[in-house]
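All remarks here apply to the structure that follows.
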Amino acid sequence: MIYLKWNSFSILFLVTFTLSAQSPDKKLYRFTYDELHNLYFANTDKPKLQLKYAETYLQKANAENINIRRAKAYYQFAILYYNKDHKKSIRYLDSVIKYSQNSGDKFFPAAAYCEKADLLRSNFKYKEAMANYKLAEKSALENNIDYYYVVREYIAIAKSEDLEEYQEALEIYKECYNYYMKTDYRVGKYAKDFQNVVFGIADCFKSLQNTDSTSYYNQLGLRESVITKNEHYKYLFILNEGANQVLKKNYNQALDSINKALPKMIQYNDTGNILASYYYMGKSYSGLGKKEKAAASFIKVDSIYRTTKEISSEFLGGYPYLINYYKNTGDKENQLKYITSYMQIDSTLQKNYRELNKLLNKEYDTPRLLSEKENLIASLKRDKENTYWGFGILLIIALCLGTFGIYQFRTRKLYRARFEKIIKEEKNNENTENKTDNKSITTNEINKPEDIGIVQELVNQILEKLNHFEMNREFLTPNLTVHSLSQIFETNSKYLSKIVNVYKQKSFTQYVNDLRIDYALNKLKEDNKLRKYTIHALAREFGFNNAESFSAAFYKKTGIKPTYFIKELDADTI
């Protein structure tokens, strides 16, 4: 499923911080409720200021005993916790609901019910979520018909994405579609809501394998997004059609759409749809029989999952492919790696969707409950028998951990010093490139032919080719050897090896690995998205055959591991 995320009422600025017991600033009392509201949303990058405005708003509401104002203050608190602490955010939303009941307000308590339902969905509490959507629907129907259809869209999304009730979701989307067709659907919020609905219809048809209808609505959505100049939506529809063409087995056409959309998904930092792009890219390459490209795409899916820990069942198809791919290539290590990942993800999805299974199956059968009980009793008995051994083992572990902790502290200190040295050297290298080039020329002049037994003219030719080799980053070519490069240079491998040894003062392998690591250092420093890749994916990106050889070369060159280097770069960026 291609992801289309949007919010139900106002734009929720998902900022995080810890609320303090700070008293509101009395100077803020000169502001009206509307002014405080505007100041709150104008300072989304300053959560402490937002807290002051929300506290002042609430204190004014309490002093004047206006319930709907209390509700709106609590809604601001709920937003502040929305992305950090779901339980607290839900508690604030419950306060919104309490103080806005029967208020006749256009958005409350409907918006609070809807936001609460969305949070419950994100915690896999689907039964409670649907109940709150229904309450939001009822409230909105009485006070705000526009918002009623927004809630209807949310219900359709839940039925489609979570409950897999595609036909029911489709009917709701069509109901919303008919409503928006009667509005000015190319202006303001109507434009976005209308395109959301068109996207939902297209996605439901895709899930129902009705590819022709999917294409129709994707084209409709694409046209509307172009007319309203909504570039993000434009490329979402293009990506969705790419996925649809995979179902039609038009793999080249699918790749064309996906390759157009992927750079935009990266530009918008749309992680869910970056993952979707690589998945459908892998499916396309698989359909075309391009096994290595398919595997590389699915590896990127796994790399993103390992960073975000988010994936849907739709994108699990890449794992069986990788398992079979590495089985056929005889790579048992990677075969085991992706079997383990597949099982872990499947287990997590089963756990998260347990409530959904209850909704479908109602309850567990009695024999299964008895079996679980017997297993639990047996497990507790074993735990009691192992307790005595446990105390002794814990003591040994504590001593080991203490020793290990001291070692780790010293190691971290040493690694940090090496990291800072690398960053400093990289900056110095940028300022001294021209000097380095001049030194190379001097070295060429000093080393006469008799020094290494090779004609100087040939030496200069090979040095020039090596310079071209470095400038064009040909060292990123995988499986590169002195023999393969000498064939490209049309020279003798012994000559090439000797010239590298003398002029580069390194073995050929060290020379190539150092070039790759220098390049990796620069790229990882410049591109934070690259840092989300797994070490295995990075190894392939920088020309190494596997993660181990990449890590070994990185450590030899820098004295630290690539995982530590990436972690410190991310920490310094924050």
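No lab work stands behind these numbers, since they all come straight from the coordinates. None of these values were measured; they are calculated from a predicted model. Cβ sites come from the backbone with ideal geometry, for glycine too, and all protein chains shown count toward neighbours.
Below is a table of values for the structure above.
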{"quantity": "Unit charges on C-beta of K, R, D, E only; dipole of the stretch 434-573, Debye", "calculated": "420"}
{"quantity": "Separation of alpha-carbon centers, the stretch 125-180 and the stretch 479-555, rounded to whole Å", "calculated": "55"}
{"quantity": "Cβ-derived FRET efficiency at R0 22 Å, Asp514 paired with Ser484, nearest 0.05", "calculated": "0.75"}
{"quantity": "Rg over Rh, two decimals, the stretch 1-164 (C-alpha only, Kirkwood Rh)", "calculated": "0.98"}
{"quantity": "Dipole in debye (nearest 20) - the stretch 1-164, about Cα centre, beta carbon charges: Lys, Arg +1; Asp, Glu -1", "calculated": "540"}
{"quantity": "Inter-site label distance for Lys327 and Thr308 at 7 Å from Cα along Cβ, in nm", "calculated": "2.9"}
{"quantity": "Compactness index (Cα Rg / 2.2 N^0.38 Å), the stretch 434-573", "calculated": "1.17"}
{"quantity": "Cα gyration tensor shape of the stretch 111-186, rounded if a/c is under 1.5, else prolate or oblate by comparing a/b with b/c", "calculated": "oblate"}
{"quantity": "Cα→Cβ-extended label distance, 7 Å offset, between Asp146 and Asn492, nm", "calculated": "8.2"}
{"quantity": "Net lengthening on full extension, Ala42/Leu458 (0.36 nm per residue, minus Cα-Cα)", "calculated": "143.0 nm"}
{"quantity": "Computed FRET value (nearest 0.05) for Gln167 with Ile423, which takes r as the C-beta separation and R₀ as 56 Å", "calculated": "0.50"}
{"quantity": "Mean Cα-pair separation over length for the stretch 240-304, i.e. relative contact order, pairs under 8 Å, 6 or more apart, %", "calculated": "30"}
{"quantity": "Length added when fully stretched, His86-Asp184, from 0.36 nm per residue minus Cα-Cα", "calculated": "31.7 nm"}
{"quantity": "Cβ-placed point charges (K, R +1; D, E -1), dipole of the stretch 230-352 about Cα centre in debye, nearest 20", "calculated": "220"}
{"quantity": "Cut-off 10 Å between beta-carbons: net charge of the residues surrounding Leu58, Lys and Arg +1, Asp and Glu -1", "calculated": "+3"}
{"quantity": "For the stretch 230-352: rounded, prolate or oblate by the Cα gyration tensor [a/c cutoff 1.5]", "calculated": "oblate"}
{"quantity": "Selected from Ile499, Ile535, Leu480, residue furthest toward positive end of dipole (the stretch 434-573; charges at beta carbon)", "calculated": "Ile535"}
{"quantity": "Net lengthening on full extension, Glu128/Asn467 (0.36 nm per residue, minus Cα-Cα)", "calculated": "115.5 nm"}
